[in-house]
Each structure stands twice: as C-alpha cells, then as structure tokens.
Amino acid sequence: MRSGNPALQESTFLDLGSGRVVTGGDTGTMTINGTVNKTGLMLLLVVLTGAFSWHQTFGADGAVNPSIGLYVWGGALSGFVIALATIFKKTWAPVTAPLYAIAQGFFLGAISAMYEARFNGIVMQAVLLTFGTLFALLFAYRSGLIKATENFKLGVVAATGGIALVYLASIVLGFFGVQIPMIHESGIVGIGFSLFVVVIAALNLVLDFDFIENATEKGAPKYMEWYGAFGLMVTLVWLYLEFLRLLSKLQSR
C-alpha cells in the first residue's frame with residue numbers, strides 16, 4: 001500500500017498502536033463508489049471557486065487584475081495548511097477535504113488566468129490533458145495493463161522524492177536570488193525535465209488507485225472515502241500544474 005503521494009502513505013490506514021488496519025466498525029466502511037463520488041464533489045468545488053477567482057482576476061478591459069496575488073497566495077497557503085491538518089488529523093477529512101478543494105480552486109483559477117493571459121488556450125489544453133491522463137491510466141489500471149508491483153511503487157516513490165527535493169532546493173535558493181540552471185527554462189533540458197515530472201505525477205495516479213482499492217478491501221473507515229478523494233485531488237492538482245508548466249515552455253519556443 002505504498003504511494004508517492006504524501007497524503008496516501010502506508011501508515012494512513014493503520015492503527016499505530018497495534019499495527020492493524022483500522023476498520024469501519026459500526027460507522028461503515030470505505031467503498032470505491034463512495035470515494036469516486038466524493039472526488040467528483042471536490043472537483044466540482046474546485047471548478048466553481050476556480051471560475052470565481054478566474055473572473056475576479058481579469059478586469060473590465062481584459063487585463064490581469066493586480067489583486068491576483070491575493071487569490072494565488074491566499075489559496076496556495078490556506079490549501080497547504082488545510083492539507084497538513086487533513087494529513088495529521090484524518091478524521092477531519094469530511095470537513096477539511098472540501099475546504100481544501102475550495103482553497104485550491106481559488107489558487108488554480110488565479111494561476112490559470114495568469115498562464116492564459118500570456119499563452120492563449122493553454123488552460124483548456126492542460127485541463128484536457130489532465131483528465132485524459134486520469135481516465136487513460138484508470139483504464140490501464142483496471143484492465144491490468146499497468147500493475148502496481150512493489151518495484152514499480154519503489155521507483156515512482158523514489159522519483160517523486162527526488163522531484164520534491166529539487167523543487168525544495170529551487171525554492172530555498174530563490175530566496176537568495178539563485179536559480180537552478182536550465183530546468184525552469186524553455187530549452188531542451190527544461191522541457192525534458194517537465195516531461196519527466198509529468199510522467200512521474202501521472203504514475204502517482206496508478207499508486208493512488210491501487211492504494212484506495214486496497215484500503216476498501218481491508219475495510220477502512222467510512223470517513224476515509226473523503227481522505228482518499230483528498231489524496232487523489234493532491235495528485236491531480238500537481239499533474240495539472242505540471243502540464244501548465246510544460247505547455248508554457250513549449251509555447252515559449
């Protein structure tokens with residue numbers, strides 16, 4: 001039950017005291033259909049709040065509103081805090097997961113508007129690629145074309161960790177005015193790096209599918225449907241942002 005997604009780790013469904021998988025008991029157990037429904041609701045919340053912040057971002061003349069930073073940083077920081085709360089207090093997921101979707105909607109709507117203002121049509125392309133990848137990998141997983149073997153999981157988790165370290169180093173160095181060369185540029189190296197990140201983000205979806213399926217088979221508590229939907233949403237947000245970055249590099253050339 002390993003996943004590269006920080007929200008879906010092996011210990012997620014375990015009682016740390018006994019080491020056993022936590023079961024639903026009298027409150028009911030987690031189901032795949034319930035997780036799918038809650039994921040759909042979270043996507044709807046992202047779309048609604050994203051549409052609002054998108055509309056607020058553009059002024060009457062079509063130019064980007066200077067207040068865009070409020071939605072970008074407000075949505076990103078609040079989403080990060082809510083995500084941490086959800087990870088450390090999983091029983092809060094029925095409340096915090098929808099709140100996370102709302103916060104990410106504000107963030108994604110504003111950041112998407114920034115990309116759209118510079119690269120016309122890029123947002124629709126990124127959305128189609130994100131959902132196309134989601135359904136393609138779901139089909140491949142359910143049909144057995146892709147199997148989440150232990151070696152497969154280890155490889156994806158290791159690559160995800162490496163990407164996280166690169167991004168963390170990039171953020172820290174950015175405070176000192178230093179940038180990691182080439183990977184954030186629109187050259188061959190930068191495009192290749194973005195392609196690699198997109199592939200790893202997409203493969204994390206397979207791990208998430210496998211994790212959720214195993215959790216339902218082991219009788220995880222009902223509230224974990226919200227937590228499973230939250231974990232899947234984390235991966236989808238990451239994948240969408242990476243598609244935006246990749247497409248912007250391609251169009252910059």
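The values are calculated or read from the model by the stated rules, or taken from the named source; none is laboratory data. In this text, all values refer to a predicted model and were calculated from it rather than measured experimentally. Backbone-built Cβ (ideal geometry, glycine too); neighbour counts: all protein chains shown. All accessible areas refer to the heavy atoms of the entire protein, side chains included, with ligands and DNA or RNA removed. Shrake-Rupley method; radii C 1.70, N 1.55, O 1.52, S 1.80 Å.
Miscellaneous remarks
- The residue that is farthest from ILE212 (Cα to Cα), among those in segment 124-140 that are open to solvent by 70 Å² or more (accessible area, probe 1.4 Å) and without any contact (Cβ under 8 Å) to a residue 60 or more places away in the chain, is MET124.
- Scope segment 209-225; condition open to solvent by 10 Å² or more (accessible area, probe 1.4 Å) and outside any loop (DSSP other than H, G, I, E, B); matching residues: PHE209, ASP210, ILE212, GLU213, ASN214, THR216, GLU217
- Check on PHE119, aromatic (Phe, Trp, Tyr) and either open to solvent by 30 Å² or more (accessible area, probe 1.4 Å) or touching an Asp or Glu at 6+ places or on another chain (Cβ under 7 Å) (or both): no
- Filtered residue count, segment 39-48, keeping only those that are touching a residue at least 24 places away in the same chain (Cβ under 8 Å) and either farther than 17 Å from MET124 by Cα or touching a strand residue (DSSP E or B) at 6+ places or on another chain (Cβ under 8 Å) (or both): 4
- Looking only at segment 166-208, and only at residues there that are touching a helix residue (DSSP H, G or I) at 6+ places or on another chain (Cβ under 8 Å) and polar (S, T, N, Q), the one that is surrounded by the most Cβ atoms within 10 Å (Cβ to Cβ): ASN204
- Qualifying residue in segment 228-244 (condition: without any contact (Cβ under 8 Å) to a residue 12 or more places away in the chain, out of contact with any Gly (no Cβ under 7 Å at 6 or more places or on another chain) and open to solvent by 10 Å² or more (accessible area, probe 1.4 Å)): no
- Members of segment 82-105 found to be closer than 17 Å to LEU45 by Cβ and open to solvent by 60 Å² or more (accessible area, probe 1.4 Å), listed by number: TRP92, VAL95, LEU99
- Test for SER143: is it out of contact with any Ser or Thr (no Cβ under 6 Å at 6 or more places or on another chain) and surrounded by 14 or more Cβ atoms within 10 Å (Cβ to Cβ): no
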